[in-house]
Amino acid sequence: MQVASVLDRRSVLKGAGLLVAGMTTQPGMSAPISGGHLKVAGAVGSTSETLDPARQSMATDYIRGHLFYDGLISLDDRLNPRPALAEAVESDDFLNWHIPLRRNVRFHDGTVLTADDVVFSLLRHQKPEVGSQQYALARTMQSVRAISPLLVEVVLDAPNSDFPAILGISNFAILKAGTTDFRTANGTGPFRCEAFTPGIRTVALRNPEFWGQKPYLNSVELIAIPDEMARHNALMSGDVDLIATANPRLVPMLKKNGFGVVESPVGTYTDLSIRLDQRYGRSADFVEGIKFLLNREQIRQSVFLGFSRIGNDQPIPPESPYFNHQLPQRPYDPDRGRFLLKRSGLLDETIPMVCSPAALASVDIAVVLQYAASRIGQKMTVQRVPADGYWTQYWMKAPLGFGNINPRPAPSLTFEVGFASASPWNESRWRNPHFDGLLRDAKSTRDDTRKRQLYWDMQALVSSGAGVCIPNFTNSLDAYAPHVCGLRPSQAGQLMGYDFARSVWLNETGERTG
């Protein structure tokens, strides 16, 4: 049988195991040392935090997911799928997939991993009452069954060459069959859950029975400090060792005081979504006019202080091999914007924008856009709402509102989740049957040249037609104390794609003991 394994076009080796944590370029970095307690502060915390991988939706959730659980597939620093609990993910038609499992893997309660656990974990995403963040993707799995104790078969409803990448999404972590209680975590991951209080604190202890390369740290403590200055002060005072989402304005001060900063060119973006099914968005002139008012270079310089790349209202970042570099860049053109807004009949109205600290830099971007609009006579109000509850109460509900989208391991996933007509996460409610057809073709083709052209065409359609305005792709900035070693840039997201705890260690002089 001709086998398409994980992943044809990215040369992933069958049975090769996880990518061993590599060394970073931190100056003066010591050799890896085991031991110590690492305290980490994330930027967002909420009482809705959960240990259920299916429902995890914020950065601190993703960190917990990587601490306590494993997926069938992991994603490396370039978002390439690698075998994890699966030894391989194989198909000869991109429709029928066979997944042989790694032997002698144990959950934290000592139970041995079997195919039944994988079947349970994947199928529970299809139950509406679970509230899975990946419900739409899970529904593409037409059947999931155990062929033997260590072999799973998945049949999709349509061919998808990027199915291995889907399995690398952290929500698809593997649970013990029958799990319903998420007051603690019973995964196969490198750390065990010692304590979890939503919105306050998580404590993880090293799992001595971990099947992969053992983590160096004895323990990790995770807290959330949403206030930016308080988070940076906690790092500089020694109350924490590592923080996510460092403020670009504070990077020079951090470096001057001996703290390190890791900059990662991730595919994350903060977008302004205009609902096309509501009043303002029903006017194509209004949507296009707003896009011409986005001063992308000013946002890059004044909001991100150069720590970003210019966006073009489509979601594929410049680092992707499928980025359409021939798509004309939409310029900042206030005269053109005014002409379109006047033609829309909305120039004399006051347009509300909903933003929040929960969506990175959205408040500052909103202010930049508000100023640009005011200069051509378009009034826009900035409605800032709290971070807590933003994603459930405001995101995708306001006529104009901001989102913050994390990188995905394949363009098809980015397009499927954010722009396909049937996706519940289609932020602007854009519907384009031609786009949907191109997406189906891209997922089923074996010809990489054809796939690239399809993705180029899809980027052009999104940029011109969707109600999503993407001014920049952000560079993730994580800051750390001098005694923290092992961090490296990753396209998978902040803090090494939320998976830092498998690679980080503390040097001898600065080791913490708890």
Please list Lys256, Lys127 from largest to smallest accessible area, probe radius 1.4 Å, with all protein chains kept in place.
Lys256, Lys127
How big is D, in µm² s⁻¹, for the chain by Stokes-Einstein at 37 °C and 0.692 mPa s if Rh is the Kirkwood radius over C-alpha pairs?
139
Please say if segment 220-268 is rounded, prolate or oblate, where rounded means a/c under 1.5 for a ≥ b ≥ c the square roots of the C-alpha gyration tensor eigenvalues, and otherwise the choice is prolate for a/b larger than b/c and oblate otherwise?
oblate
For segment 287-334, restrict the atom set to alpha-carbon positions and state the Rg and Dmax in Å.
11.4, 32
With no solvent and one point per C-alpha, what does the Debye sum give as log10 I(q)/I(0) for segment 169-232 at q = 0.15, 0.19, 0.23, 0.24 Å⁻¹?
-0.60, -0.89, -1.10, -1.14
log₁₀ I(q)/I(0) of segment 41-92 at q = 0.17, 0.24, 0.29 Å⁻¹, via Debye over equal Cα point scatterers, no solvent, to two decimals?
-0.64, -0.96, -1.12
Could you state how much accessible area Trp505 has, in square angstrom rounded to the nearest 10, with a 1.4 Å probe and all protein chains kept in place?
10
For the chain, averaging the sequence separation of alpha carbon pairs under 8 Å that lie six or more residues apart and dividing by its residue count, the contact order in percent is 22
Ordered by packing density, taken as the mean number of other Cβ atoms within 10 Å over each peptide's residues, highest first, how do 214-221, 277-284 rank?
214-221, 277-284
Just need log10 I(q)/I(0) for segment 160-318 at q = 0.16, 0.18, 0.19 Å⁻¹, Debye formula, equal scatterers on the alpha-carbon atoms, no solvent, rounded to two decimals.
-1.20, -1.24, -1.26
Kirkwood-type radius of segment 429-514, with distances r between different C-alpha atoms, in Å
16.9
Ratio of the Cα radius of gyration of segment 381-495 to 2.2 N^0.38 Å, where N counts its residues
1.30
Helix-derived mean residue ellipticity, 222 nm - over the chain, DSSP H n ≥ 4, -39500 (n - 2.57), to 500:
-7000 deg cm²/dmol
Sorted largest first, the Cα spans of segment 102-231 on the principal axes come out in Å as 49, 34, 28
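Rg(Cα) of segment 378-427 divided by 2.2 N^0.38 Å?
Cα-based Rg divided by the globular estimate yields 1.36.
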Under the rule a/c < 1.5 gives rounded, and otherwise a/b versus b/c splits prolate from oblate, where does segment 307-405 land using the Cα gyration tensor?
oblate
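Take the solvent-accessible surface of the protein heavy atoms, probe 1.4 Å, and return the percent of it on segment 58-208 that carbon and sulfur atoms account for.
C and S fraction of accessible area: 49 percent.
How much of the calculated P(r) for segment 85-139 lies past 17 Å, in percent of all Cα pairs?
52
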Rounded to the nearest 10 Å², the accessible area of Tyr498 at probe 1.4 Å
20
Nonlocal amide H pairs with Arg192, under 5 Å, H built at 1.01 Å:
Leu205, Arg206, Asn207
Classify segment 66-160 from the C-alpha gyration tensor, please: rounded if a/c falls under 1.5, else prolate or oblate depending on whether a/b exceeds b/c.
rounded
So for the chain: antiparallel DSSP bridges make up what percent, rounded to the nearest 5?
75
Accessible area, 1.4 Å probe, largest first: how do Arg429, Arg106, Arg330 sort?
Arg106, Arg429, Arg330
Calculate what fraction, in whole %, of the accessible area of segment 392-482 sits on carbon and sulfur atoms when a 1.4 Å probe is rolled over the protein chains.
51
Under 5 Å from the placed amide H of Cys355, counting only residues 5+ away or on other chains, we find Gln383, Arg384, Val385
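The values are calculated or read from the model by the stated rules, or taken from the named source; none is laboratory data. Remember, it's a predicted structure, so these values are computed and weren't measured experimentally. Backbone-built Cβ (ideal geometry, glycine too); neighbour counts: all protein chains shown. Ligands, DNA and RNA are excluded from the accessible area calculation, which covers all protein heavy atoms including side chains. Shrake-Rupley method; radii C 1.70, N 1.55, O 1.52, S 1.80 Å.
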